[in-house]
1. Amide H to amide H under 5 Å from residue 261: which residues, 5+ apart in sequence or cross-chain, H placed 1.01 Å off N in plane?
2. What nm distance separates the two modelled labels at residue 231 and residue 187, each placed 7 Å from Cα along Cα→Cβ?
3. For Cα pairs less than 8 Å apart in space and 6+ apart in sequence, what is the mean separation divided by the residue count of the chain, i.e. the relative contact order in percent?
4. Could you tell me how far the Cα centroid of the stretch 139-186 sits from the Cα centroid of the stretch 43-81, in Å?
5. Considering only protein heavy atoms, what per residue accessible area in square angstrom results for the chain with a 1.4 angstrom probe?
6. Give, in whole angstrom and from largest to smallest, the semi-axes √(5λ) of the equivalent ellipsoid of the stretch 91-131, with λ running over the eigenvalues of the Cα gyration tensor.
7. Out of the DSSP beta bridges found with both residues in the stretch 169-321, what percent are antiparallel (nearest 5)?
8. With the cut-off at 1.5 for a/c, could you classify the stretch 87-231 from its C-alpha gyration tensor as rounded, prolate or oblate?
Amino acid sequence: MPSEFDLIAKYFTRPARNALLGVGDDCALVDVPAGEVLSITTDMLVEGTHFLPDADANLLGHKSLAVNLSDLAAMGATPRWFTLSLALSQVDEAWLTQFSEGLFALADEHNIELIGGDTTRGPLTISITAAGSLPAAQALRRDGAKVGDDVWVSGYTGDAALGFAHLQKRVTLPAGAATHCVQRLHQPQPRIALGKKLRGVAASAADVSDGLLADLGHILERSGVSADIELATLPRSAALSDCPDYSLAEQCLIAGGDDYELVFTAHTNRRADVVAAGRAAGIGVTRIGRIVEGPPIARLLDVEGRAIDISNRGFDHFRGI
């Protein structure tokens with residue numbers, strides 16, 4: 001059986017490209033671009049909590065890195081380096097081959113370099129810490145929303161959660177819709193290009209990992225403001241719009257996790273700039289509401305402007321969805 005160091009050497013060691021010193025030493029050495037600061041994030045995926053035991057290893061490699069890249073996108077950072085820690089219940093070289101291929105395919109797409117990590121024996125757990133860089137004054141923090149700002153979202157929300165519901169047999173989607181939604185669940189596309197284009201345009205941002213209203217709530221809490229969101233303006237994919245279970249579709253739309261879109265705010269005089277940023281990044285952006293005074297929670301409004309009662313706003317690892 002190969003040793004821990006054999007596995008690292010075979011599946012996760014590459015020559016350092018951007019780092020001064022990468023995999024193989026006690027620590028990595030990196031040089032931050034002049035005039036920029038580091039943006040650092042970490043995420044953990046645990047078998048049984050974030051993915052099923054029979055999850056496709058290639059797709060899991062992609063998603064493990066994608067969720068971290070999405071955090072960097074929400075900050076407006078350029079991806080630079082990441083570390084990987086793996087707990088494996090057993091050595092499965094076929095699984096490691098597929099996992100590393102999916103991981104490095106996305107890493108190469110965004111020019112981010114693996115510079116270290118660890119392996120150990122235990123229940124399958126994947127932990128990645130990623131670092132990016134950007135000028136400090138241009139960081140898209142969560143505490144910048146101001147009363148009067150517009151609230152925007154990229155792409156569509158709800159598709160990943162709808163795909164998960166289909167896999168759980170809580171709903172049966174047509175073949176094309178099922179393929180689309182399950183792909184959104186397993187292969188999220190981090191909005192790195194949009195995050196960078198929103199530097200100097202957006203006032204605050206967060207990625208939508210636990211649900212649109214839940215993640216917007218993080219911005220509201222840090223900024224000390226409230227928001228009115230118009231249900232009718234929320235962008236819906238064809239798969240979500242055509243879902244035979246309307247109630248489930250609406251729940252996925254506002255509270256479903258794993259979308260990895262960006263929710264952000266911007267001053268009303270930046271509307272043209274936001275649209276231009278989305279166009280330049282190749283992703284649609286939709287204005288869905290406004291920042292208002294009040295407690296840090298989003299109100300969902302119907303077409304008459306009346307508040308809609310919401311029992312569930314998003315996913316919590318200790319309470320579930």
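1. 208
2. My value for the distance between the label points is 3.4 nm.
3. Relative CO of the chain lands at 22 percent.
4. One Cα centre to the other: 15 Å.
5. I get 46 Å² per residue for the chain.
6. Equivalent ellipsoid of the stretch 91-131: 20, 14, 8 Å, largest first.
7. 75 percent
8. oblate
The values are calculated or read from the model by the stated rules, or taken from the named source; none is laboratory data. Computed from a predicted structure; not experimentally measured. Glycine gets a Cβ as well: all are built from the backbone with ideal geometry, and neighbour counts include every protein chain shown. SASA here: full protein model, heavy atoms, side chains in, ligands and nucleic acids out. Shrake-Rupley method; radii C 1.70, N 1.55, O 1.52, S 1.80 Å.
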